[in-house]
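The values are calculated or read from the model by the stated rules, or taken from the named source; none is laboratory data. Here the structure is a predicted model, which is why all the values come from computation and not from measurement. Every residue, glycine as well, gets a Cβ built from its backbone with ideal geometry; the counts of neighbours run over all protein chains shown. Side chains included, ligands, DNA and RNA excluded: accessible areas come from the protein's heavy atoms. Shrake-Rupley method; radii C 1.70, N 1.55, O 1.52, S 1.80 Å.
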Amino acid sequence: MALFTANPTKPITPSSISWSLSRSPPFFSAACFPGVRHERPVKRFIVLATVMGEAKPTVLVAEKLGEAGIQLLRSFANVDCSYNLSPEELCSKISLCDALIVRSGTKVTREVFESSGGRLKVVGRAGVGIDNVDLSAATEHGCLVVNAPTANTVAAAEHGISLLTAMARNIAQANASVKAGKWQRSKYVGVSLVGKTLAVMGFGKVGSEVARRAKGLGMYVIAHDPYAPADRARAIGVELVAFDEAISTADFISLHMPLTAATLKMFNDESFSRMKKGVRIVNVARGGVIDEEALVRALNSGIVAQAALDVFVEEPPPQGNRLVLHENVTATPHLGASTTEAQEGVAIEIAEAVVGALKGELAGTAVNAPMVPAEVLSELAPFLVLAEKLGRLAVQLVAGGSAKVETVNDQSPAGEEDKDPRQD
Ligand SMILES: NC(=O)c1ccc[n+]([C@@H]2O[C@H](COP(=O)([O-])OP(=O)(O)OC[C@H]3O[C@@H](n4cnc5c(N)ncnc54)[C@H](O)[C@@H]3O)[C@@H](O)[C@H]2O)c1
Ligand SMILES: O=C(O)[C@H](O)COP(=O)(O)O
């Protein structure tokens, strides 16, 4: 049941939502998760709307954001900072919000867009990876998604290097051992980095910063990235190689590609079997690019000597997770972007992007189609697919990559409708 005050045109702040517990059918959770039956009492929402004096947009900040970003948002919008919302709570609040800001811990699902009732105009991802946002659903609902792609690059690269060096010298394990009152000098003999080959998988912003730093440590750096320009790699003394060559020649492998359908479980039993025995792996990208069960098998068989992981398929990983508990694994709780400096930068970057988008400005960091009415979007849909394909081809051609061009000659005779009207 939703109770609104008289003037429905004025925005309603989500902080004015009150909660009550009820055993009666939960209309919000039913709306958010059709087909899901709830055995326990569920939260039922009664919306007691407070009408605002002025028509400012409302921004829901669902995860911790740096103060400078919050201040910037407040200068333009009503800001509701509500952390740790359940999926049902998020679906409930969202119908009262014009924008939503999240980090990697909130899943912005199709249900969220459906529950927004068309009011949600912008989702801001305070970071790089947008695998927690259903982009298709956002686009279908005319909602723009923007991210903050640059402010945490160095922090993520530094964390990758920290994990690489800590893993090679057993820092985490040795630290735990000393704290437990032991003195195990021979158990924790490490391996050297100098002169070793590091394969950087995904030579984008973070990958190239990791490469630069690894070269400073005296490592020989190769990289694999189907879309990276060879001259950018050459400029920092890195050789771009094919996937097979990268994984089969490296002593260390560092992962920096996004999680997409193409990269999901890219590192699996088959790819581990082609790696050098005793390889060491760092992952500060996304847990899902590794088949975690396969990594446990590779660690047990000795193909992978050690792994250092900042990201997991499920975060936080379930208690007793075999990978986390493995003695040759160093784990951190998704800390790659978590420095004071990076979080302030990300907060400002995302606040500027969200405010700009709410003002209707062109969004420089948009990751989906801009706000276009649904009926126009359905007309545009086939052209968007074509444009995406042409874009991919262009990047590969410009980068001197391995694009294969096939010319297809459509033999069907041109009909009247195919004629270019300018020829008449
Ligand atoms: N652990 C953290 O806290 C943290 C922090 C920042 C970024 N990240 C993750 O790291 C990833 C990389 O961030 P970024 O800022 O460098 O992004 P980016 O877009 O600059 O770089 C990603 C690179 O991966 C490449 N790529 C795409 N598909 C590939 C494939 N199949 N094989 C190899 N390379 C492929 C792209 O061409 C691109 O160059 C992000 O997607 C994010 O998920 C994690
Ligand atoms: O993709 C990113 O930017 C990182 O994974 C950081 O995620 P976080 O904002 O949840 O720290």
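When 105, 127 are checked against the criterion of being in contact (Cβ under 8 Å) with a residue 12 or more places away in the chain, crowded, with 24+ Cβ neighbours inside 10 Å and within 16 Å of ligand 2 (Cβ to nearest atom), 127 stands alone in meeting it. Scanning segment 131-146 for residues that are surrounded by 23 or more Cβ atoms within 10 Å (Cβ to Cβ) and within 16 Å of ligand 2 (Cβ to nearest atom) turns up 133, 145, 146. Within segment 213-231, being closer than 20 Å to residue 289 by Cα and either part of a helix (DSSP H, G or I) or touching a residue at least 40 places away in the same chain (Cβ under 8 Å) (or both) holds for 226, 227, 228. Pairing each residue of segment 76-99 that is over 23 Å from residue 360 (Cα atoms) and assigned to a loop (DSSP other than H, G, I, E, B) with any residue that is modelled with pLDDT under 95 and open to solvent by less than 40 Å² (accessible area, probe 1.4 Å), provided the two are 6+ apart or on different chains, yields C-beta distances under 9 Å for 82/14. Only one entry in 310, 244, 291 is assigned by the TED database to the domain that holds residue 208, at pLDDT 95 or above and in contact with a Gly (Cβ under 6 Å, 6 or more places away or on another chain), namely 310. Does residue 168 meet the test of being in the same structural domain as residue 285 (by the TED database), in contact with a Phe, Trp or Tyr (Cβ under 9 Å, 6 or more places away or on another chain) and under 25 Å from residue 244 (Cβ atoms)? Answer is yes for this residue.
Mind counting the residues in segment 340-354 that are more than 14 Å from ligand 1 (Cβ to nearest atom) and surrounded by fewer than 23 Cβ atoms within 10 Å (Cβ to Cβ)? Total satisfying the criteria: 4. Remark: pairs (first residue in segment 329-342, in a helix (DSSP H, G or I); second residue within 11 Å of ligand 2 (Cβ to nearest atom) and of a type in the set (S, T, N, Q); Cβ separation under 7 Å; 6+ apart in sequence or on different chains) = 342/152.
Report the residue count in segment 284-302 for those that are buried (at least 18 other Cβ atoms within 10 Å of the Cβ), more than 16 Å from ligand 2 (Cβ to nearest atom) and not in a loop (DSSP other than H, G, I, E, B). Looking only at that region, the number is 6. Only one entry of 337, 357 meets the criterion of being crowded, with 18+ Cβ neighbours inside 10 Å, within 16 Å of ligand 1 (Cβ to nearest atom) and of a type outside the set (Lys, Arg), and that entry is 337.
Checking segment 153-172 against the condition returns a match, with at least one residue being small (Gly, Ala, Ser), more than 16 Å from ligand 2 (Cβ to nearest atom) and out of contact with any Lys or Arg (no Cβ under 8 Å at 6 or more places or on another chain). Checking 185, 234 one by one, the residue that is assigned to a loop (DSSP other than H, G, I, E, B) and of a type in the set (D, E, K, R) is 185 and no other.
Summed over segment 225-270, the residues that are of a type outside the set (Val, Ile, Thr), more than 25 Å from the chain's Cα centre (by Cα) and open to solvent by less than 20 Å² (accessible area, probe 1.4 Å) give a count of 1. Is segment 171-185 home to any residue that is closer than 27 Å to residue 129 by Cβ and either of a type in the set (S, T, N, Q) or surrounded by 14 or more Cβ atoms within 10 Å (Cβ to Cβ) (or both)? Yes, some residue in segment 171-185 is closer than 27 Å to residue 129 by Cβ and either of a type in the set (S, T, N, Q) or surrounded by 14 or more Cβ atoms within 10 Å (Cβ to Cβ) (or both).
Within segment 101-121, identify whether any single residue is outside any loop (DSSP other than H, G, I, E, B), within 16 Å of ligand 1 (Cβ to nearest atom) and of a type in the set (Val, Ile, Thr), and answer yes or no. Yes - at least one qualifying residue is present in segment 101-121.
Taken over segment 190-212, the criterion of being open to solvent by 80 Å² or more (accessible area, probe 1.4 Å) and either under 22 Å from residue 265 (Cα atoms) or without any contact (Cβ under 8 Å) to a residue 12 or more places away in the chain (or both) is satisfied by 205 alone.
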